[in-house]
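Just so it is clear, none of the values below were taken in a lab; they were calculated from the coordinates. Quick caveat, the model's predicted, so the values are computed rather than measured. In this analysis, Cβ positions are derived from the backbone assuming ideal geometry, glycine residues included, and neighbour counts consider all displayed protein chains.
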Amino acid sequence: KAVEIWANELRLTDFDEEGGWAANARVTTRLADLGSVTVAGRTRSSGFGSISQNINSRQLEDLTEVDIASSLDLGKFFPEKAGVRLPMYYGYSRSMANPKYNPLEPDIELDKALERAETPNIRDSIKQISQDLVTRKSVNFTNVKIEPQRDKTKVNLWDPENFSVSYSYNEIFKRNINTEYNLDKTYRGMFSYNYSSRPKLVQPFNKINFLQKGPLKLIGDFNFYPLPTQISFRTDLYRRYHEIQSRNVTNPGFILPATYEKDFLWNRYFDFRYDVTRSLKVDFSSRSTSRIDEPQGRINRDMDNYQMLKDSILTNLWNMGRPTLYNHNVNITYRLPINQLNIAIKGICR
């Protein structure tokens, strides 16, 4: 079947003796070998609860929740021989709670407060302030790459199978009676290159007979590997932007200052391993971190000076940021050819 749809859970109505009700539903769609999409929803009225709970112990809010999650392999749109691996995940959830009582006037029900609002704008303002809203968005492309061919035995430095990229974006937005908005965004992008092989040992004098005896055997056993054993490079950019605007409930005329938290890091990792000969091996690894400085204050697309702020960030990015951390490690190992030295000494003594 190209498409399969089934309901994992479908419970539309549950009533209790107090008149409260709840509904739950969950549907999963399977799109052949492309992936799957799951949609779940839940709603509950204020006062709903179990028989053993009294009225004061029950939830005093109308709750509505929606959750969408999809996992797709977009590489299926390419020919199978191309070996493209393009997994994508998308998630969205929204939870809204409408309280039974007006949080600004706890003794009055919210419906009554909305009815006596003088204008539609005031009514919408009261409703928005009273709601507890949380939304989450997520998009991920993890380890996008080209799979190596099954019949391929030789690995080259320039093979596209050595490269991979990843990207993720997550956003959380909240608002409630005490918070006008709480926005948290995180971005992460990664690029990696990984080459690993076992090159064939080269022995240029191996077939010269007179170099295989006596002291000359040191020359006859000369060998080297033409290519390194491993080259690995990974770089990732991580950015977080967090903005909070608190609500002044007691004195709405005095607006509290917003707070901002920003973090923009650029990490780079490099590993290099080269078995120069059978006896000589070199291993090098390094790590560095740079910080991309951002202008102070709010950064949003709806601002008049947004392009100027964006250009400032891009300039610091092209300059590779401000270095804050660097370390490296070098290991060189050499094994003395004791056996060959013994043979050479014996040949000289004779």
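Values computed for the structure shown
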{"read-out": "Protection-proxy order for peptides 119-131, 228-240, each taking the mean of Cβ atoms within 10 Å per residue, highest first", "value": "228-240, 119-131"}
{"read-out": "Equivalent ellipsoid, region 89-197 (semi-axes from 5 times Cα gyration tensor eigenvalues, Å)", "value": "55, 11, 9"}
{"read-out": "Cα→Cβ-extended label distance, 7 Å offset, between Ser36 and Asn319, nm", "value": "5.0"}
{"read-out": "Cα-projected label distance for Asn267 with Arg287, points at 7 Å along beta-carbon direction, nm", "value": "0.8"}
{"read-out": "Net charge dipole size for region 157-198 [Lys, Arg +1 and Asp, Glu -1 on Cβ; Debye, nearest 20]", "value": "120"}
{"read-out": "Compactness relative to 2.2 N^0.38 Å, alpha carbon Rg of region 251-343", "value": "2.06"}
{"read-out": "Sequence ranges 327-336, 140-149, ranked by mean other-Cβ count within 10 angstrom, highest first", "value": "140-149, 327-336"}
